[in-house]
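Q: The structure's right below; bear with me while I get my questions together.
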Amino acid sequence: MIKKSKFAFSLSLFIFDLFILALLLYITIFARVHLFPSFLPNIENSYIDMKSYSWVLIFPLLIFLYEGLYTKRFTFWDEVKYIWKSLLISAIFIIFLLFFLKKSHEYSRLIIASWLLVSSFILPILRPLFKKILYKLHLGKESVLILGSNKSAKDFYKAVLQEDNLGYDIVGFVDDKSQIEEIEGIQILAPLKQFEKIIQATKIDVVAIALPNKKSEEISDIVNRVLYKVENVFFIPDIKEIPIVGLETRYFFKEDLLALEIKNNLASRTNFFMKRAFDYSFSLAIFPLLAPFMAIIAFLIKTTSKGPVIFVQQRVGKDGEVFSCYKFRTMYEDAEERLHEILEKNPTLQDEWIKRRKLKNDPRVTIIGKFLRKTSLDELPQIFNVLKGEMSLVGPRPYMVGEVQEMQEYEREYITAVYPGITGLWQVSGRSEIPFEERIDLDIWYVRNWSLWLDIVILFKTIKVIFKREGAY
């Protein structure tokens, strides 16, 4: 029954992708022929025949299948990555095939490129919605049993809850802590020694093992006893504060040895060049779009309060070099004097300032400044810092000199190893609500786990946070 359910889930998803891709292809052809003919050169009749283009549908579907988009479980952003990767490979295959068969003159490359581009934005939106419908129909859902009740087990449970796209349903925990009846609202079903009975009784599909206090021999025994009773097993090691994005496994067959290969991604010159190239090209591309909004903001600042439009402050950049960081002015001219006066009179605000380096109801901030801070638009001028080579689009926050001096030595080494960013991990994780020390931890995690894809994900999440106005003041 379970296998039939999963086959129906995969088949439904395949048919859905086929339908959406075909529909978008038809819309693209229709738009090219009927909506934009005056802006583009005329095309022959053969170009508008949907049947003549239908063969291109096979490429993304086959690559989706190869990448596991019908058989594996992905988090939302991992799924987006594989969809984009598949569509890009499809474009390369189609263009190469047309060139090799000398058929490029018979097909509109603009139609094909537009179709794949539109699909890259529509599919990541519609696919998760369709999956939710299938999960509600009890297609594709997988039941998960967690062995253990420690912090790693709880963190895994929370991670699964935040990722609806996975389609996991936590059945419960199994652990020897009999004095605890439930964790995070989920029951402890039985002692650990009875986990096999629980698996059989509740028809478990996936087991997550989070037992850091067990010896390696005991873990191996549990894995071997579980593996042939369920479809997948997660082993969650109690390893913290090491780079995990891009981590690779290496297996040495002769010695029966498993090794984890951890890479310093930003130490690679190729990766560093890719990041800088992305910074410059993206900044130059969006600057013409931002310029009119920046001009309006500058006008509003100038006409509503005294002082310069741009606030310049010394911040610490890559390799510890101090640079002038640009922001739209959001405070009154005598802001520093006001701050000292406020903190001296109010011990509660002193604690808030020490903890977050910000005040929630800051009397120094102008009316326009409150809006700019809430939407993070005050940081738009930092695009000039990016173009000057002083900052990056994504990175650790640009810390003040005094803040860096207060950090521990290893924290300073991480923070100053890369260019600070206009946005970063801390800004999409709660922004001003996050205590200062946690911001540093998030920035260090970013440096350890950097990838170009991580930068892209953070940029998209930044847009969401700005529109929702979460955690900023």
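Q: What number comes out for the charge environment of residue 456, summing +1 per Lys or Arg and -1 per Asp or Glu over other residues with Cβ under 13 Å away?
A: +1
Q: Shifting gears a bit: Want the number for residue 214 to residue 72: 0.36 nm per residue separation, take away the alpha-carbon distance, what's left?
A: Going from the current span to full extension adds 48.2 nm.
Q: Determine the calculated [θ] at 222 nm for the chain from helices alone, applying -39500 (n - 2.57) to every DSSP H run no shorter than 4 residues and normalising by the residue count; nearest 500 deg cm²/dmol.
A: So the calculated ellipticity at 222 nm is -16500 deg cm²/dmol.
Q: May I ask you to list the GluC sites (Glu not before Pro) in segment 198-280 that are in a DSSP loop and have at most 16 other Cβ atoms within 10 Å of their Cβ?
A: The qualifying sites are 231, 241, 255.
Q: OK, next. Find the centroid of the Cα atoms in segment 118-169 and in segment 259-306, then give the distance between the two in whole Å.
A: Centre-to-centre distance over Cα atoms comes out at 32 Å.
Q: Using the count of nearby Cβ atoms within 10 Å as a rough guide to exposure, how do 107, 410 rank from fewest to most?
A: In increasing order of surrounding Cβ atoms, one gets 410, 107.
Q: Taking 30 Å as the cut-off for C-alpha to C-alpha distance, list the pairs among 154/464; 85/370; 81/197; 72/468; 306/461; 158/214 that go past it.
A: Those over the limit are 85/370; 81/197; 72/468; 306/461.
Q: Sticking with this one: About the Cα centre, and with charges only on the beta carbon of Lys, Arg (+1) and Asp, Glu (-1), how big is the dipole of the chain? Nearest 20 debye, please.
A: Once rounded to the nearest 20, the dipole reads 1440 debye.
Q: Next up: Of the listed peptides 25-33, 148-156, what is their order by residue-averaged count of other C-beta atoms within 10 Å, with the highest listed first?
A: 148-156, 25-33
Q: Only loop residues by DSSP count here, and only those with at most 16 other Cβ atoms within 10 Å; note down the GluC sites (Glu not before Pro) in segment 371-473 that meet that.
A: 470
Q: Hey, if you put +1 on the Cβ of every Lys and Arg and -1 on every Asp and Glu Cβ in segment 142-238, which of 159, 234, 212 ends up farthest toward the positive end of that dipole?
A: 212
Q: Hey, with R₀ at 22 Å, roughly what FRET efficiency would residue 231 and residue 136 work out to, going by the Cβ-Cβ distance, to 0.05?
A: Rounded to the nearest 0.05, the efficiency is 0.55.
Q: Which of rounded, prolate, oblate describes segment 164-309, given a ≥ b ≥ c as roots of the alpha-carbon gyration tensor eigenvalues and a/c under 1.5 marking rounded, otherwise prolate only if a/b is larger than b/c?
A: Prolate shape, in that a/c is at least 1.5 and a/b is the bigger ratio.
Q: Here's another thing I want to ask about it. Taking other Cβ within 10 Å of each residue's Cβ, how do 51, 214, 136 sort, fewest first?
A: 51, 136, 214
Q: Kirkwood hydrodynamic radius, computed over distinct alpha-carbon pairs, for segment 93-252: how many Å, to one decimal?
A: 19.1 Å
Q: Got a sec? Charge dipole of the chain, +1 on Cβ for Lys and Arg, -1 for Asp and Glu; which of 291, 323, 174 is way out at the positive end?
A: Value: 291.
Q: While we're looking at this one, here's another question. Using modelled amide H (1.01 Å from N, peptide plane; none on Pro or chain starts), what sits under 5 Å from the amide H of residue 188, excluding residues fewer than 5 places away?
A: Result for residue 188 returns 173, 182, 183.
Q: What is the gain in length, in nm to one decimal, between residue 104 and residue 7 on full extension, counting 0.36 nm per residue of separation less the C-alpha to C-alpha distance?
A: 31.1 nm
Q: Moving on. Can you run phi through the Karplus equation (6.51, -1.76, 1.60; θ = phi - 60°) for segment 63-72 and list ³J(HN,Hα) in whole Hz, with x for Gly and Pro?
A: Coupling constants for segment 63-72: 6, 4, 5, 5, 7, x, 6, 10, 10, 9 Hz.
Q: Just one of [x] 1.04; [y] 1.18; [z] 0.94 is Cα Rg over 2.2 N^0.38 Å calculated from these coordinates, so which is it?
A: From the options [x] 1.04; [y] 1.18; [z] 0.94, the structure gives [y].
Coordinate-derived values only; no laboratory data. Just so we're clear, the structure is a prediction, and the values are computed from it rather than from any experiment. Methodologically, a virtual Cβ is constructed for each residue, glycine included, from the backbone with ideal geometry; neighbour enumeration extends over all protein chains shown.
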